[in-house]
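The values are calculated or read from the model by the stated rules, or taken from the named source; none is laboratory data. In this text, all values refer to a predicted model and were calculated from it rather than measured experimentally. Reconstructed Cβ throughout: ideal geometry from the backbone, glycine too, with neighbour counts over all protein chains shown.
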């Protein structure tokens, strides 16, 4: 079976709800190379919101697209069916609501914007985590006798249960009695991201099922925007005091996910709203504004309208990001293979 190459991090079926005849949507690009680039332009859905080998993983040294198929089977397909019922104002079962919520969870974690957010956090947190792992390992090594140390070495080398997570601990005994060198290595990159997404979508996702969710219908004359990073976790105090640092279980956070030009999936954690309602002017403006501000590089719409956000004109940044996308797979694969390779022998 041919492996998936182009990973659509916003599903094509999702974007078709903003299209005419299922082919094209209006797009507002937030980073452009020149002022002459039109503000709004219709683009083919096939060429939007994708990146080559975005989720490709390594099993040993072989590439696999298992994650792509898993997320489609477990989240996209059942969620799309439920969303289709929701946007056509049909009755929803408990299972339909659960499928939509799971779809939103998958959409939240799978975008490049979320990857960059995670890498920034990992770069801050991983040094301390590795230091803690090494400290615990050293303490255990010092407590153990020779037999237990041999068992620890076998356990580390087996990497049991760590096939996907890019973390390697190696132990090299030294001539001194009870001595040894313990080394921990990891890469804050694609494979760590895929592994963390699996964890979130199999365990942490249950937190979302505890909230009261609503379908927010667009008022007359309004069509909801969406974007290349369409799930918003909003901490909102006022129009000038808010952030996108909300969580799946953070009381008071709003989770906003446009489903179509006419419907938004919405919850305010810790509060109850009707299952279906039409918002007032203030909430309508907030939902539109936050959708636009949360977008990474693209805003999508069923029609040309106020994008509610200024674009950036920067040729150098535009080209640099294009080069980074082209090099993504080779860079990530090379780093993952280097981590998996055995340590070079002394003197090599």
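Among the residues of segment 16-36, none qualifies, meaning not one is under 26 Å from residue 56 (Cα atoms) and touching a strand residue (DSSP E or B) at 6+ places or on another chain (Cβ under 6 Å). If you go through segment 287-310 and keep only what is surrounded by fewer than 18 Cβ atoms within 10 Å (Cβ to Cβ), out of contact with any helix residue (DSSP H, G or I) (no Cβ under 7 Å at 6 or more places or on another chain) and touching a residue at least 12 places away in the same chain (Cβ under 8 Å), you end up with 289, 293, 303, 304, 305.
Checked against the criterion of being on the phi > 0 side of the Ramachandran plot, touching a helix residue (DSSP H, G or I) at 6+ places or on another chain (Cβ under 9 Å) and not assigned by TED's automatic domain parsing to the domain that holds residue 302, segment 82-102 has no qualifying residue. Just so you know, in segment 216-228 the residues that are in a loop (DSSP other than H, G, I, E, B) and in contact with a strand residue (DSSP E or B) (Cβ under 9 Å, 6 or more places away or on another chain) include one that is farthest from residue 275 (Cα to Cα), and it is 228. Look at residue 24 and say whether it is buried (at least 17 other Cβ atoms within 10 Å of the Cβ) and over 27 Å from residue 67 (Cβ atoms). Here the answer is yes, as residue 24 does meet what is asked.
Has segment 105-113 got at least one residue that is in contact with a helix residue (DSSP H, G or I) (Cβ under 9 Å, 6 or more places away or on another chain), at negative phi, outside any helix (DSSP H, G or I) and touching a residue at least 40 places away in the same chain (Cβ under 8 Å)? Looking through segment 105-113, at least one residue is in contact with a helix residue (DSSP H, G or I) (Cβ under 9 Å, 6 or more places away or on another chain), at negative phi, outside any helix (DSSP H, G or I) and touching a residue at least 40 places away in the same chain (Cβ under 8 Å). Within segment 270-285, not a single residue is under 23 Å from the mean Cα position of the chain (by Cα) and not in a strand (DSSP E or B). Scan segment 251-272 for residues that are touching a residue at least 60 places away in the same chain (Cβ under 8 Å) and crowded, with 16+ Cβ neighbours inside 10 Å and jot them down. Result: 255, 257, 259, 260, 261, 262, 263, 265.
Taking segment 92-131, which residues are exposed (fewer than 13 other Cβ atoms within 10 Å of the Cβ) and in contact with a strand residue (DSSP E or B) (Cβ under 9 Å, 6 or more places away or on another chain)? Once the filter is applied, which keeps residues that are exposed (fewer than 13 other Cβ atoms within 10 Å of the Cβ) and in contact with a strand residue (DSSP E or B) (Cβ under 9 Å, 6 or more places away or on another chain), segment 92-131 yields only 131. Screening residue 333 against (1) closer than 22 Å to residue 229 by Cα; (2) in a helix (DSSP H, G or I); (3) in contact with a strand residue (DSSP E or B) (Cβ under 9 Å, 6 or more places away or on another chain) leaves a single unmet condition, (1).
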